[in-house]
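The block underneath contains the structure these notes are about, expressed in structure tokens.
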Amino acid sequence: MRPSMFRSVKSAVARSSSAHVARRGYSSESVPERKVAVLGAAGGIGQPLALLMKLNPLVSRLSLYDIAGTPGVAADVSHINTRSEVAGYMGDDQLGKALEGSDVVIIPAGVPRKPGMTRDDLFNINAGIVKSLCAAIAKYCPNAIVNMISNPVNSTVPIAAEVFKKAGIYDEKRLFGVTTLDVVRAKTFYAGKANLNVAEVNVPVVGGHAGITILPLFSQATPKANFSDEDIKALTKRTQEGGTEVVEAKAGKGSATLSMAYAGAIFADACLKGLNGVPDVVECSYVQSSVTDLPFFASKVRLGKNGVEEILGLGPLSDFEKESLETLKPELLSSIEKGIKFANQS
Ligand SMILES: NC(=O)C1=CN([C@@H]2O[C@H](COP(=O)(O)OP(=O)(O)OC[C@H]3O[C@@H](n4cnc5c(N)ncnc54)[C@H](O)[C@@H]3O)[C@@H](O)[C@H]2O)C=CC1
Ligand SMILES: O=C([O-])CC(=O)C(=O)O
């Protein structure tokens, strides 16, 4: 667990009955009330993510929604002696209640890959799920910050944007594709290869969230390591194929769930900190962007009280990264266009 997150968790447990939490970035005044909803909360990602959000002292209400299985998950998680009150909601007619008043909505609803599939192969099922969940968000919590986990993220984020536009509530500052797992992997693989303390490692990852659209910027990684071009290429490929590595290891039982829950919890925590006015909260995320000529692109984003406060530029790229950026653009654009088309035709 990231050290600062671990401190948060320990402090939540220690002060379980109190909403007064003294943490870095806050004085000892009370932490604001924040409702977080998880849609798909009974799934492989949803359950550990519900656990991690229950451990987060910034959450006062945790709303767990799924089409099945949420009463059990909610009852289980609700016994943990931390700040938030937990409620479980199941089925379409409880979706409104699950969403009402949410500050952050995290969406890991949808089917995962099996070996041999690409993330785009999930489009046919997940696009419809995301579309209907986003229509409900527009209706019941139009001001919420949305963290999209459901794949293919390269398309589901543009779908969400179109649904929100149609409903007249689109605010590009509040819609995020969660690409934190790519950063988590890039840090782990880089630190492992360079024999560095992983807690001190930072690696920005830009582009999108599928195969070659995932572009880790190892030339900007800190601390610096002395890698050959071949090493960098191998690290890049491993990061791009990290999801497939897990899908193959799980051999038909789904894709990354535990590492994704960890990554999702880090990103949601960053959104909550931003909402609460903590300064200098920066994470990579896939957002509406003008950093390149593509309408959506992942890069470093500064989070604030309204969601995106600033989208940071790419910084200096190596020749390999420049080339990889040009190579990924057509695939990413086509996934974006596929999402936009789907949202507008059905
Ligand atoms: N952004 C990222 O980095 C990652 C994304 N993913 C994606 O996350 C998604 C979920 O993965 P898992 O949790 O492993 O799948 P899972 O199948 O274990 O869980 C999905 C859950 O969504 C629920 N669900 C289905 N339709 C729903 C609806 N209309 N409303 C609410 N809930 C609904 C299911 O009942 C199930 O509990 C997949 O699309 C997967 O590809 C997975 C790993 C990383
Ligand atoms: O690979 C998958 O299908 C799930 C995913 O997005 C990841 O693990 O990065």
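Among the residues of the stretch 149-162, are any of a type in the set (Asp, Glu) and buried (at least 22 other Cβ atoms within 10 Å of the Cβ)? Looking through the stretch 149-162, none of the residues is of a type in the set (Asp, Glu) and buried (at least 22 other Cβ atoms within 10 Å of the Cβ).
Per the listing Gly88, Gly96, the residue uniquely surrounded by fewer than 17 Cβ atoms within 10 Å (Cβ to Cβ) and not in a loop (DSSP other than H, G, I, E, B) is Gly96. When restricted to residues that are closer than 14 Å to Lys35 by Cα and among the acidic types (Asp, Glu), the stretch 75-113 contains 3. On the given criteria, is Ser259 polar (S, T, N, Q), surrounded by fewer than 21 Cβ atoms within 10 Å (Cβ to Cβ), within 15 Å of ligand 1 (Cβ to nearest atom) and farther than 21 Å from Pro330 by Cβ? For Ser259, the condition - polar (S, T, N, Q), surrounded by fewer than 21 Cβ atoms within 10 Å (Cβ to Cβ), within 15 Å of ligand 1 (Cβ to nearest atom) and farther than 21 Å from Pro330 by Cβ - is met. Quick check, is Lys233 more than 12 Å from ligand 1 (Cβ to nearest atom) and either part of a loop (DSSP other than H, G, I, E, B) or within 16 Å of the chain's Cα centre (by Cα) (or both)? No, not satisfied. If Gly110 satisfies every condition in (1) closer than 24 Å to Ser334 by Cβ; (2) near ligand 1 (Cβ under 9 Å from one of its atoms); (3) surrounded by fewer than 21 Cβ atoms within 10 Å (Cβ to Cβ) but one, which is the exception? Status for Gly110: all satisfied but (3).
The set of residues from the stretch 236-256 being outside any helix (DSSP H, G or I), within 11 Å of ligand 1 (Cβ to nearest atom) and among the small types (Gly, Ala, Ser) comprises Gly254, Ser255, Ala256. Is it true that some residue in the stretch 281-288 is over 16 Å from Val206 (Cα atoms) and either of a type outside the set (Ser, Thr, Tyr) or in contact (Cβ under 8 Å) with a residue 24 or more places away in the chain (or both)? Scanning the stretch 281-288, I find at least one residue that is over 16 Å from Val206 (Cα atoms) and either of a type outside the set (Ser, Thr, Tyr) or in contact (Cβ under 8 Å) with a residue 24 or more places away in the chain (or both), so the answer is yes.
Only a single item in (1) under 30 Å from Ser132 (Cβ atoms); (2) in contact with a helix residue (DSSP H, G or I) (Cβ under 9 Å, 6 or more places away or on another chain); (3) away from ligand 2 (no atom under 16 Å from the Cβ); (4) touching a residue at least 24 places away in the same chain (Cβ under 8 Å) is not met by Val205, and it is number (3).
Let's see how each residue does on (1) touching a helix residue (DSSP H, G or I) at 6+ places or on another chain (Cβ under 7 Å); (2) more than 16 Å from ligand 2 (Cβ to nearest atom):
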{"site": "Asp76", "(1), (2)": "no, yes"}
{"site": "Ala87", "(1), (2)": "yes, yes"}
{"site": "Gly110", "(1), (2)": "yes, no"}
{"site": "Gly128", "(1), (2)": "no, yes"}
{"site": "Cys134", "(1), (2)": "yes, yes"}
{"site": "Met148", "(1), (2)": "yes, no"}
{"site": "Glu162", "(1), (2)": "yes, yes"}
{"site": "Ala167", "(1), (2)": "yes, yes"}
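Residue pairs whose Cβ atoms lie under 7 Å apart, sitting 6 or more positions apart in sequence or on different chains, and linking a residue in the stretch 50-65 that is on the phi > 0 side of the Ramachandran plot to a partner that is surrounded by fewer than 22 Cβ atoms within 10 Å (Cβ to Cβ) and among the hydroxyl-bearing types (Ser, Thr, Tyr), do not occur here.
Residues of the stretch 258-285 that are in contact with a Gly (Cβ under 9 Å, 6 or more places away or on another chain) and either hydrophobic (A, V, I, L, M, F, W, C) or at pLDDT below 95 (or both): Leu258, Met260, Ala261, Cys271, Leu275, Val278, Val281. Checked against (1) touching a residue at least 24 places away in the same chain (Cβ under 8 Å); (2) under 14 Å from Tyr65 (Cα atoms); (3) among the acidic types (Asp, Glu), Glu162 meets all criteria but (2). Of the residues making up the stretch 279-336, those that are assigned to a strand (DSSP E or B) and over 17 Å from Val183 (Cα atoms) number 7.
Kindly indicate whether any position in the stretch 126-138 is of a type in the set (S, T, N, Q), buried (at least 18 other Cβ atoms within 10 Å of the Cβ), in contact with a Gly (Cβ under 9 Å, 6 or more places away or on another chain) and outside any helix (DSSP H, G or I). Within the stretch 126-138, none of the residues are of a type in the set (S, T, N, Q), buried (at least 18 other Cβ atoms within 10 Å of the Cβ), in contact with a Gly (Cβ under 9 Å, 6 or more places away or on another chain) and outside any helix (DSSP H, G or I).
Note on the stretch 46-68: residues that are under 18 Å from Gly274 (Cβ atoms), among the β-branched types (Val, Ile, Thr) and surrounded by fewer than 24 Cβ atoms within 10 Å (Cβ to Cβ) total 0. Could you say whether any residue in the stretch 273-289 is surrounded by 18 or more Cβ atoms within 10 Å (Cβ to Cβ), of a type in the set (A, V, I, L, M) and farther than 30 Å from Asp103 by Cβ? No, that holds for no residue.
The values are calculated or read from the model by the stated rules, or taken from the named source; none is laboratory data. If you're wondering where the values come from, they're calculated on a predicted model, not measured in any experiment. For neighbour counting, all protein chains shown are included, and Cβ atoms are generated from backbone atoms with ideal geometry for every residue, glycine included.
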